[in-house]
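This report refers to the structure that appears directly beneath it.
The values are calculated or read from the model by the stated rules, or taken from the named source; none is laboratory data. These numbers come from a predicted model, not from an experiment. Virtual Cβ from ideal backbone geometry, glycine too; neighbours counted across all protein chains shown. All accessible areas refer to the heavy atoms of the entire protein, side chains included, with ligands and DNA or RNA removed. Shrake-Rupley method; radii C 1.70, N 1.55, O 1.52, S 1.80 Å.
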Amino acid sequence: KMKRYRVLIFVVFCFMFTTLYLTKFFSPQWIESMVDEKNSYNKYKAEKQFSLHGSLSLVAEKSNKSDVTNIKLDMNGDLFPSIIMSDSSGRLGNQLCVYGTLLYFQKVHGMHGILNEGQESALVSVFQEDKMEIGANSFNLPPQFNANWESVAYHTPQGAWFPNDEFLENIDKYKYNKFINIGLYPHYLFLFKRIVGHIKKNLLFKNQTQILVDHWLAELREDNISEKEIIIVGVHCRRTDYGQHLEILAGASLVDHEFFDKAFDIYRSRYNTVSSQVVFL
C-alpha cells in the first residue's frame, strides 16, 4: 500500500514539475520565437497560426507484466498546425513545385509551410519577396525535444515525388502536431488547380522583369495585323545537363524538332479559329 502511495506521489510531483517547466516552452511567446521569420507579413501569419488549442500531460499506466508504472508525456488536442517542408536542393523549376505544394497545404489544410535559405534564394532571385506568404524559416525546438520529420511521399524511378494515398485520404490526421516532409522533388501539380489564384498573387516577377515582358507583349500585339485574339503558349526546351540526366534515370534520349512540331500542330488545331491565334514563346 505504501508503495502505491509513493508511486502516486512521484507521478503527481513529476506532473507538476513538467507542467511548470513546459509552460514557458509552449506559451505564445515561445511559439513566436520558435519560427524565425524574415518579414512582417510572415511573422503575422506565424502569430495567427501558432496558437495553443491543446495541452501536455503526464500519464501513468500500470504495466500488466511487472510492477513498473509506465509514465509517458501525452499530447492532447491541437497544439500547433503541422509544419511542412521539402529537402529539395534543385534549381528554380524544382523550387516552384516545392513552393506551390507548400502553399496548397498551408491555404487548404491550415498547415505551416517553411523554406530553407537556399530555396528562398532561388525564388526571390526572380520573384518579389514581399508578395510571398512562405519564406525561409529557422525552426528550433527546446533541447528536450526532437522533431520527427515524417515523409508522406514516394518517388518514381525517374525521380519525381508524389504524395502517398494514405496521406491525402486521411489528411485530417496530419493537420496538427506533426512535422511533414513532402519529398525531395515534389510533383504535386494536380493539386495546384485549387489555388491557382493564390499562386499568381504569391509569385509575381520582379518589377524590372515585368516591365520588359509587358513591353514585349505589347509590341507583339501591336504587330498582330489580323486583330485576332492572341493565345500565348510558353515553350520550355530543356537541354544542357538534362540529356545525361534523362539517359541515366530512364534510358531515354532528348526529343528532336519533330516532337515540338507535332505539339505545335496540336495546339494550332485546337485553338486557331476565325477569332483567335496561337503564338508560341
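Being part of a helix (DSSP H, G or I), in contact (Cβ under 8 Å) with a residue 24 or more places away in the chain and of a type outside the set (S, T, N, Q) is the filter here; which residues of region 200-238 pass it? Full working, then the answer.
Of all residues in region 200-238, those part of a helix (DSSP H, G or I) come to 200-202, 207-222.
Within this subset, residues satisfying the condition of being in contact (Cβ under 8 Å) with a residue 24 or more places away in the chain are 201-202, 207, 209, 220.
Once the filter is applied, which keeps residues that are part of a helix (DSSP H, G or I), in contact (Cβ under 8 Å) with a residue 24 or more places away in the chain and of a type outside the set (S, T, N, Q), region 200-238 yields Lys201, Leu220.
Looking only at region 93-110, filter to residues that are within 13 Å of Arg194 (Cα to Cα) and of a type in the set (Val, Ile, Thr); which one of those is farthest from the chain's Cα centre (by Cα)?
Here the answer is Val108.
State whether the residues of region 158-177 include one that is open to solvent by 80 Å² or more (accessible area, probe 1.4 Å), of a type outside the set (D, E, K, R) and either more than 28 Å from Leu79 (Cα to Cα) or not in a helix (DSSP H, G or I) (or both).
Yes, region 158-177 contains a residue that is open to solvent by 80 Å² or more (accessible area, probe 1.4 Å), of a type outside the set (D, E, K, R) and either more than 28 Å from Leu79 (Cα to Cα) or not in a helix (DSSP H, G or I) (or both).
Here is a list: Gly113, Gly159, Gly183, Gly197. Which entry is within 19 Å of Ser89 (Cβ to Cβ) and out of contact with any strand residue (DSSP E or B) (no Cβ under 8 Å at 6 or more places or on another chain)?
On the way: Gly113 fails: out of contact with any strand residue (DSSP E or B) (no Cβ under 8 Å at 6 or more places or on another chain); Gly183 fails: out of contact with any strand residue (DSSP E or B) (no Cβ under 8 Å at 6 or more places or on another chain); Gly197 fails: within 19 Å of Ser89 (Cβ to Cβ).
One residue alone meets the criteria, Gly159.
So, Leu246, is that one within 30 Å of Leu168 (Cβ to Cβ), within 22 Å of the chain's Cα centre (by Cα) and surrounded by 10 or more Cβ atoms within 10 Å (Cβ to Cβ) or not?
Details: within 30 Å of Leu168 (Cβ to Cβ): yes; within 22 Å of the chain's Cα centre (by Cα): no; surrounded by 10 or more Cβ atoms within 10 Å (Cβ to Cβ): yes.
Answer is no for this residue.
If a residue must be over 12 Å from Met111 (Cα atoms) and either of a type in the set (D, E, K, R) or part of a helix (DSSP H, G or I) (or both), how many such residues does region 178-194 contain?
6
Among the residues of region 98-143 satisfying the criterion of being open to solvent by 10 Å² or more (accessible area, probe 1.4 Å), among the aliphatic types (A, V, I, L, M) and touching a residue at least 12 places away in the same chain (Cβ under 8 Å), which is farthest from Leu203 (Cα to Cα)?
Restricting to residues being open to solvent by 10 Å² or more (accessible area, probe 1.4 Å), among the aliphatic types (A, V, I, L, M) and touching a residue at least 12 places away in the same chain (Cβ under 8 Å), the top hit is Leu141.
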